[in-house]
Amino acid sequence: MLALVTGASAGFGVAICKSLIQQGYRVIGAARRLDKLQQLQAELGADFFPLVLDVSADHHTLEACLKQLPADFGLDQIMVLVNNAGLALGLDAADQANLDDWNTMIDTNTKGLINMTRLVLPYMVKRQTGLIINLGSIAGTYPYPGGNVYGATKAFVAQFSLNLRADLAGTGVRVTNIEPGLCGGTEFSVVRFHGDAEKAEQLYQNTQPLVAEDIANTVAWVVSQPPHININRIEIMPTSQSFNPLKVTPIA
């Protein structure tokens, strides 16, 4: 059994790779940082193949990269695709946000995910079996100030996942969208605040957020389900997080 995990160099990706190998999978870990992938390979051994890949690249580049995989980690053998690569950049209001940040999020969270899916999916359909797991976010369902384009990309992931299910009916290929809430212990918020670790840490003060292993355990549970069960979506939050009351703004 072979799985491909994007965003494999840190956070959720590392934990998911470890969990899948514990379940008996061989894993292709795809990410931009070769040094991090090599460290993970040294820990996980021969069942882990490091693949240097930037999902925000154009689909021709991604296809060429995937087709160069060695025979024993071939594109046609991938049973599970975990579209984990993604990021949030900035928390500014829409009128003040950085357009480069917006486009980077779209290129990674949206275009990267659909390109990887489209390149792997035909092989799953041909075999009449496979599982695509997308890492969405509660930000795709619940708006919050500064979430603007990040939330929009995750709403896209949610709808794309459902539409994939409609297209794939009768093929045996399953699709799940996992939508985490507040997660700590990863690079996510440090990246969001462009390397400001102190600012990122303030988000988690006096909370007990989810951790990467919680998401990896969720992925492991989805993967362990028998072929006749499709988990459409999973929303998961820490107990310390809940829904905000609807804001009412006084008229000046």
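With the requirement that a residue be at pLDDT 95 or above, within 18 Å of the chain's Cα centre (by Cα) and among the charged types (D, E, K, R), what does the range 1-57 give you?
Passing the criteria: 18, 54.
So if I check each of 104, 108, 153, 117, which one is outside any loop (DSSP other than H, G, I, E, B) and surrounded by fewer than 18 Cβ atoms within 10 Å (Cβ to Cβ)?
So the residue among 104, 108, 153, 117 that is outside any loop (DSSP other than H, G, I, E, B) and surrounded by fewer than 18 Cβ atoms within 10 Å (Cβ to Cβ) is 104.
Just to be sure I understand, how many residues within the range 227-244 are in a loop (DSSP other than H, G, I, E, B) and either exposed (fewer than 13 other Cβ atoms within 10 Å of the Cβ) or basic (Lys, Arg) (or both)?
Summing the residues that are in a loop (DSSP other than H, G, I, E, B) and either exposed (fewer than 13 other Cβ atoms within 10 Å of the Cβ) or basic (Lys, Arg) (or both) in the range 227-244 gives 8.
Taking the options 111, 126, name whichever one is at pLDDT 95 or above and over 20 Å from the mean Cα position of the chain (by Cα).
Unique residue meeting the criteria: 126.
Filtering the range 156-181 down to residues that are part of a helix (DSSP H, G or I) and of a type in the set (Gly, Ala, Ser), which residue is nearest to residue 246 (Cα to Cα)?
Of everything passing the filter in the range 156-181, 158 is nearest to residue 246 (Cα to Cα).
Please go through the range 46-77 and pick out each residue that is closer than 17 Å to residue 15 by Cβ and in a helix (DSSP H, G or I). Step through it out loud before you land on a result.
Step one: of the range 46-77, the residues closer than 17 Å to residue 15 by Cβ are 47-48, 50.
Within the range 46-77, 47 is the sole residue that qualifies.
Can you name the number of the only condition in (1) on the phi > 0 side of the Ramachandran plot; (2) touching a Ser or Thr at 6+ places or on another chain (Cβ under 6 Å) that residue 24 fails?
Unmet for residue 24, out of (1) on the phi > 0 side of the Ramachandran plot; (2) touching a Ser or Thr at 6+ places or on another chain (Cβ under 6 Å): (2).
For the range 41-58, enumerate the residues that are touching a helix residue (DSSP H, G or I) at 6+ places or on another chain (Cβ under 6 Å) and either among the aliphatic types (A, V, I, L, M) or at positive phi (or both).
Once the filter is applied, which keeps residues that are touching a helix residue (DSSP H, G or I) at 6+ places or on another chain (Cβ under 6 Å) and either among the aliphatic types (A, V, I, L, M) or at positive phi (or both), the range 41-58 yields 44, 52, 53, 55.
Tell me which residues, restricted to the range 4-14, are among the aliphatic types (A, V, I, L, M) and surrounded by fewer than 24 Cβ atoms within 10 Å (Cβ to Cβ).
10
Residue 16: touching a residue at least 12 places away in the same chain (Cβ under 8 Å), closer than 25 Å to residue 152 by Cα, of a type in the set (Val, Ile, Thr) and not in a loop (DSSP other than H, G, I, E, B), yes or no?
It is true that residue 16 is touching a residue at least 12 places away in the same chain (Cβ under 8 Å), closer than 25 Å to residue 152 by Cα, of a type in the set (Val, Ile, Thr) and not in a loop (DSSP other than H, G, I, E, B).
Can you find a residue in the range 191-207 that is at pLDDT 95 or above, surrounded by fewer than 20 Cβ atoms within 10 Å (Cβ to Cβ) and assigned to a loop (DSSP other than H, G, I, E, B)?
Scanning the range 191-207, I find no residue that is at pLDDT 95 or above, surrounded by fewer than 20 Cβ atoms within 10 Å (Cβ to Cβ) and assigned to a loop (DSSP other than H, G, I, E, B), so the answer is no.
The values are calculated or read from the model by the stated rules, or taken from the named source; none is laboratory data. Just so we're clear, the structure is a prediction, and the values are computed from it rather than from any experiment. So basically every Cβ, Gly included, is an ideal-geometry build from the backbone, and we count neighbours across all protein chains shown.
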